[in-house]
1. Hey, with R₀ at 35 Å, roughly what FRET efficiency would residue 351 and residue 312 work out to, going by the Cβ-Cβ distance, to 0.05?
2. Along the charge dipole of the chain, Cβ charges K/R +1 and D/E -1, which of 103, 88, 223 sits furthest on the positive end?
3. How large is the direction-averaged shadow of the alpha-carbon convex hull of the chain, in nm²?
4. For residue 269 and residue 191 in one chain, what is 0.36 nm times their gap in residues minus the Cα-Cα distance, to one decimal in nm?
5. Using the Cα centre as the reference, give the magnitude of the dipole from point charges on the C-beta atoms of the range 280-341 (Lys, Arg: +1; Asp, Glu: -1; all else neutral), rounded to the nearest 20 debye.
6. Quick one: net charge of residue 198's neighbours, Cβ under 10 Å, K/R +1, D/E -1?
7. When the chain is fully extended, how far beyond the present Cα-Cα distance does residue 98 get from residue 297, taking 0.36 nm per residue of separation?
8. Distances over 22 Å make up what percent of all Cα-Cα pairs in the range 1-98?
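We did not get these values from a lab; they are worked out from the coordinates using the rules stated. Treat the numbers as computed from the prediction; the structure is a model and nothing was measured. Every residue, glycine as well, gets a Cβ built from its backbone with ideal geometry; the counts of neighbours run over all protein chains shown.
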Amino acid sequence: MKIVIFAGGVGTRLWPLSRKSTPKQFEKIVGDKSTLQLAVDRLKPSIKPRDIYIATGKKYEKIVRAHLPQIPAKNFIFEPEMRDVGPAVGVAMGIVGKDNPNSPVAIIWSDHFVKKERRFREVLSFAEELVIKDKNSLVFMGQRARFANQNLGWIEFAEEIDDIHGTKVFRFKKLIYRPSLEDAERFLESQTYAWNPGYFVTTPQFLLSQYEKFTPVLWKGIMQIQEAVGQGNYEKVLKEVYPKFEKISFDNAILEKMDPSQVSVIAADLGWSDVGAWEALKEALQVSEKENVTRGKVLLEDSSDNLVFNYTDQLVVGLDLEETIVINTDDVILVCPKKSVPKIKKLVESLTGTPLEHLT
C-alpha cells in the first residue's frame with residue numbers, strides 16, 4: 001500500500017504558534033516532534049518510507065525535506081500554489097498512480113493526533129484488504145464520536161455489510177460538515193455516525209475515474225501532469241497546469257457525487273483528534289475534562305480546565321483561571337476563554353495589510 005500525507009494547511013486556529021511561515025504541521029505541538037513527523041512515525045513498521053508520499057506547497061519544500069530526511073526525494077509532491085483539496089488529491093493520485101494504478105493508496109493528514117497507533121495501523125490494513133477485494137471502491141476510516149463536536153465533519157453510515165477480523169464495515173450514506181449542536185447531539189446518540197478524519201483508502205484508477213466523471217476539466221489537467229511524471233518537462237508542466245485549476249474542495253468535487261454503493265465505512269476508536277484548534281488540542285491531551293494541560297514553565301494555582309502553553313524561558317503564572325487558553329510565544333501572548341477560540345481565525349485575518357501582518 002502507498003500512503004499520501006497532506007501537509008499544506010496554514011492552521012490559523014492554532015495561532016500564534018502556527019503561522020504562514022511555519023504552519024502547525026511543522027511545529028512541536030505534541031511532544032518533541034512535529035505533527036508531520038508523528039504522522040510518518042505512526043505508520044511504522046507497517047509502511048516503509050519508500051511507500052510514503054508527502055504533498056505540500058512548494059514554499060514549504062525546505063522545511064518538509066528537513067523534517068523527513070528518510071523519505072525518498074522523488075516522493076515529495078510540491079504544489080506550485082494552493083488550489084484547495086480537490087486538485088491536490090487528484091494530482092497526488094495521478095502521480096502515485098502512474099506506476100501503481102490499481103494499488104491501494106491511503107490519504108491521511110499531517111496535523112492530527114492519534115493516541116491508539118496500533119489500532120490505527122490495524123484499521124488501515126483492514127481498509128487495504130477491502131480495496132484489494134474490490135478495486136473500484138473507497139473505504140472511509142471513521143473515528144467513533146466521543147462527544148457532540150460541532151467543529152468537525154461527520155460520516156453517516158447504514159447497515160453492516162462486512163466483518164473483517166472482528167471489525168465491522170458499514171454501508172456509507174453521506175457526509176455532514178460542521179453540524180449544529182442539536183444535530184451533533186443527535187448524531188452522537190444514534191450510533192450511526194462517526195467523526196470524519198478525512199482518512200480513506202482507494203485505488204488511483206478508481207478515484208481518477210470519478211474525477212473524469214464529475215470534474216472532466218480538472219481530470220484533463222491531472223492527466224497532463226501524470227503524463228509528465230518521470231519526464232524532463234515534469235516541473236514545467238506542473239507549474240503551467242496546476243495554477244489554472246479551479247479552487248474546489250474534495251468533498252464538493254468528488255465525495256458528494258459518488259455512488260454510495262461504492263463507498264464503505266470502518267467506524268472505530270482510533271484515539272484520533274483534530275488538533276487544529278487550541279480547545280481541540282486540550283481535549284486530545286487531557287485525561288479528565290477539568291484538568292489543566294500545560295507545556296513549558298507554567299505555574300497554576302486554584303485553576304481548572306485550562307490549556308497553558310509557554311514557548312519561552314519566562315515563567316507563566318495563572319491564578320483562579322477557568323476554561324482559559326494562554327499561549328505565550330516570543331512575540332505574541334494570546335489569552336482567551338476556550339469558547340472564544342473560533343474568533344482567532346478572524347482576528348488573524350484582520351491583521352493582513354496592517355503593521356502587524358508579519359505576525360500572521
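1. Calculated value: 0.95.
2. The residue sitting most towards the positive pole is 223.
3. Reported value for the Cα convex hull: 18.5 nm².
4. Details: separation 78, 0.36 × 78 = 28.08 nm, distance 1.28 nm.
Here the segment from residue 269 to residue 191 would lengthen by 26.8 nm.
5. Values: 6 positive and 12 negative charges, 37 e Å.
The dipole magnitude comes to about 180 debye.
6. Here the count lands on -2.
7. Details: separation 199, 0.36 × 199 = 71.64 nm, distance 5.01 nm.
Stretched out fully, the residue 98 to residue 297 stretch lengthens by 66.6 nm.
8. Values: 1257 of 4753 pairs.
Within the range 1-98, distances greater than 22 Å cover 26 percent of Cα pairs.
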